[in-house]
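This report concerns only the one structure given below.
Bear in mind that the values in this text are calculations on the coordinates, not laboratory data. This structure is a prediction, so every number in the text was calculated from the model and none was measured. Reconstructed Cβ throughout: ideal geometry from the backbone, glycine too, with neighbour counts over all protein chains shown.
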Amino acid sequence: LRVTVNSTERVGTVTYEMSTRTVTATLGTLNPDDEVVLTIAARVSATTSGGVKINNEAILNFTGGSLTTNRVTHVTPATCAVVIKSDGSVAKPAFTEYALPGDTVLYPYTLTNLGNVTNDFALETTLVQNSFTPTLSIVHDVNNNGFVDASELTITRIEDLPSGETEHLLLVVTVPNSLEVNGDAFVNIVG
């Protein structure tokens with residue numbers, strides 16, 4: 001907080017009331033054509049949600065009346081960030097499964113919203129370096145038990161996930177039912 005009158009700083013004339021979020025500057029007597037500059041700098045906490053409107057306006061009270069400035073609105077930036085990781089360990093972050101033709105294997109993943117706003121996330125499976133093409137789908141493992149229960153659905157999106165929240169997913173991989181299937185398939189989830 002800083003106040004200058006005719007480019008001369010007025011020290012000790014500004015107070016801030018946290019409960020009402022009000023800045024008060026006592027200017028004393030002013031002459032016609034005096035230039036008053038009130039500079040307010042605010043630091044937005046790193047934990048502040050995105051998309052928050054911060055409204056600022058100034059009211060100048062003087063003998064005989066008051067004057068209100070136009071309202072200036074600042075909006076905190078919204079960031080989108082997601083982490084999707086397999087539920088392996090740090091030493092072994094990926095899974096290796098051996099499956100026969102016709103087998104289905106399940107891989108648990110977590111999706112965490114690391115952005116500062118509630119977001120929707122589109123989900124896709126990726127398949128690279130494959131010697132065969134399995135059938136891939138993603139199931140929302142609502143109860144986080146590692147199984148596809150009758151009430152759990154195949155999904156392509158996570159809707160309205162709040163900042164910092166995590167959802168549990170299962171990558172469902174079905175190996176083609178062919179005796180000729182042989183080799184590796186590398187699969188993953190991206191969002």
Query raised in the report: For Glu165 and Thr135, FRET efficiency with R0 = 41 Å and r from the beta-carbon atoms, rounded to 0.05?
Result: 0.90
Query raised in the report: In whole Å, how far is the Cα centre of segment 170-188 from that of segment 55-72?
Result: 69 Å
Report task. Multiply the residue gap between Leu60 and Met18 by 0.36 nm, knock off their C-alpha separation, and tell me the result in nm, one decimal place. Result -> 13.2 nm
**Report entry** Pairwise label distance in nanometres, Ala150 with Cys80, each label 7 Å out on the Cα-Cβ vector
**Finding:** 3.7 nm
Query - Fully extended contour minus Cα-Cα distance, from Glu35 to Val117, at 0.36 nm per residue - result: 25.4 nm
Query raised in the report: In the set (1) 58; (2) 46; (3) 53, which value of percent of Cα pairs over 25 Å apart was calculated from the structure you see?
Result: (1)
**Report entry** Where labels lie 7 Å past Cα in the beta-carbon direction, separation of Asn6 and Arg157 in nm
**Finding:** 6.3 nm
Query raised in the report: Pick from Gly115, Gly64, Gly28: which is most flexible by mean-square fluctuation in a GNM of the chain where alpha carbon atoms under 10 Å apart are linked?
Result: Gly64
Report summary line: Quick calc, Ala46 & Glu124: beta-carbon distance into FRET formula, R0 45 Å, rounding 0.05, result 0.90
